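Structure provided below as structure tokens; questions to follow.
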Amino acid sequence: MNLISPIQESFSSIKQNKTRSVLAGFGVAWGIFILILLLGAGNGFQEGILQLFSSFAKNSMFIYGGHVSEKKLDKSIQHKKILFNDLDVKIINERYPEIEFISPEVIFRGNSLTIYEQNAAYPQIKGILPDYFNVKIIKPEKGRLINTLDNKEYRRVALIGKQVSNQLFPDEEPLGKEINIAGSFFTIVGVIEKGSLFTQNEQSVIYIPYNTFNDCLTPTIEYNSLVLTLAKKTDATAFENKIKTFLGKRKGFNKEDKKAIFILNFENQVKMFDKLFKGINLFLWIIGLCFLLSGIVGIGNIMLVIVKERTHEIGIRKAIGAESSSIVRMIITESIVITSMAGIIGLVVGGGVIGILNWVIESFFTDKDSLFTEASIDYAVIIFSLSILMLSGIIAGFIPAKKAASITPVEAIRN
């Protein structure tokens, strides 16, 4: 089957009717442009949101103690506040080998007045084990994090947030300086890097080793917060159920009591966002395809006009022996050529606009808290879009082609 001749005829027809061809292809070009732009922006938004979760290990879990709300229990347990202690942490760590890192998160409840010379601040003071930084991904802008030796040797060292640094050291380098925290002196070993939206609170926090916290500030027997990280390939949902059951038995509450403990499972949170973005992407595809459908209808209408204009020519072709299949092939080929050219233009322009959008974001929006990162389009989407274009051309030309094939030489002479 010779495809060169119909394609040449299609280009010749397009050149002779440039205005009509441009108007016919505009709808398709616009539809593909909108589809590419929507999907690119959707990917940028998705990456921006998921980037915020990079401040936490994907398989991390935060366990917070609450109050027992079930009234059928013994009076001694009703409204009991659920707290944890070092023995709980030890037993949990030994009982569940799937736990890689675990740390208490103890918050100082007293007067947190922190002083350096004439400057003062009221930050939140937290006592943590070094494993804490494998759960919450905190990076130092200057200096280092708290390590195992700091905790083991009861070192009076502190890791401070950026906001605390600005308040206490507006014109000085903070590393190595001694600050007075609630009456005890600590040496600054690091300043926390400004992170994502989820770690903004860390900018007004001072971290000190857990043992040092108990030694210098308030000896803490119980606390209401644990953080942990699970090994890869661990079923986070199944582990969450196991830890609820264990803590329920150990602390005397019903594991179904949603107010007794609250578990923030980041793996489940990420999965929920993945489902959300799948729904958003499906919605964007529907919108883009609706725009494309309007372009296909436009091309179909134009092809009907073309068939009507070329009725005389088609009749002569059939009179001298042209088969109906060749007429159908000629009309559909022209429809595919117009659709493909318009679609490729839409793809190129859409890609160009996405490139400009990325340049603007990189140049003017460098904040890590941005909910939108680099917009991108997968090659699979481009290939799929081109396939849609070819199919669209066939659909748009099918009815006009069938009408052209039904024209008889007698009808052509009458026209």
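Does anyone have the angle between helix 86-95 and the longest principal axis of the chain? Alpha-carbon axes, 0 to 90°, nearest 10?
It is inclined by approximately 50 degrees.
If N is the number of residues in the range 274-363, what value comes out of its Cα radius of gyration divided by 2.2 N^0.38 Å?
1.65
Give me the Kirkwood hydrodynamic radius of the chain in Å, from all C-alpha pairs, to one decimal place?
27.0 Å is the Kirkwood radius here.
Can you sort 58, 232 by how many other beta carbons sit within 10 Å, fewest first?
Listed from fewest to most nearby Cβ atoms, that is 232, 58.
Report the convex hull volume per residue for the range 176-247, counting only C-alpha atoms, in Å³.
In the range 176-247, the Cα convex hull volume per residue is 159 Å³.
Ok, one more. Run through all the Cα pairs of the range 221-336 and give the fraction in each 10 Å bin from 0, expressed as whole percent.
10, 21, 14, 10, 9, 9, 10, 9, 5, 1, 0
Projected onto the charge dipole of the range 60-265 (+1 at Lys/Arg Cβ, -1 at Asp/Glu Cβ, origin at the Cα centre), which of 253, 135, 60 gives the Cα projection farthest towards the positive end?
So the residue we want is 253.
In angstroms, what radius of gyration and Dmax does the range 98-139 have, counting Cα atoms only?
Cα radius of gyration and Dmax of the range 98-139 are 13.9, 48 Å respectively.
Same structure again: Rank these for me by crowding, 234, 148, going from fewest to most other beta carbons within 10 Å.
So the residues, fewest neighbours to most, are 148, 234.
With the contact rule set at Cα under 8 Å and sequence spacing of 6 or more, what percent relative contact order holds for the range 60-265?
It rounds to 34 percent for the range 60-265.
From the Cα trace of the range 115-205, what convex hull volume per residue do you get, rounded to a whole Å³?
90 Å³
Let me ask you something else. Taking 0.36 nm per intervening residue step and subtracting the Cα-Cα distance, what contour gain separates residue 81 from residue 232 on full extension?
51.1 nm
Can you sort 61, 272 by how many other beta carbons sit within 10 Å, fewest first?
By the 10 Å Cβ count, ascending, the order reads 272, 61.
Contact order normalised by length for the chain, with contacts defined as Cα pairs under 8 Å and 6 or more residues apart; what percent is it?
Relative contact order for the chain comes out at 29 percent.
How large is the translational diffusion coefficient of the range 60-265 in µm² per second when you combine the Kirkwood radius over alpha carbon pairs with Stokes-Einstein at 25 °C and 0.890 mPa s?
Roughly 136 µm²/s, to the nearest whole number.
Further question on the same structure: What dipole magnitude, in Debye to the nearest 20, does the chain give about its Cα centre under +1 on Lys/Arg Cβ and -1 on Asp/Glu Cβ?
In total the dipole reaches around 1440 debye.
For the pair residue 382 and residue 276, how long in nm is the line joining their label points, each one 7 Å along Cα→Cβ?
3.0 nm
With n ≥ 4 as the cut-off for DSSP H runs, can you work out [θ] at 222 nm for the chain, using -39500 (n - 2.57) per run divided by the number of residues, rounded to the nearest 500?
Calculated at 222 nm, the ellipticity per residue is -18000 deg cm²/dmol.
FYI, it's all coordinate maths here, none of it is from the lab. Because the structure is predicted, anything quoted here is derived from the model rather than measured. Neighbour counts run over all protein chains shown; Cβ positions are idealised from the backbone, glycine included.
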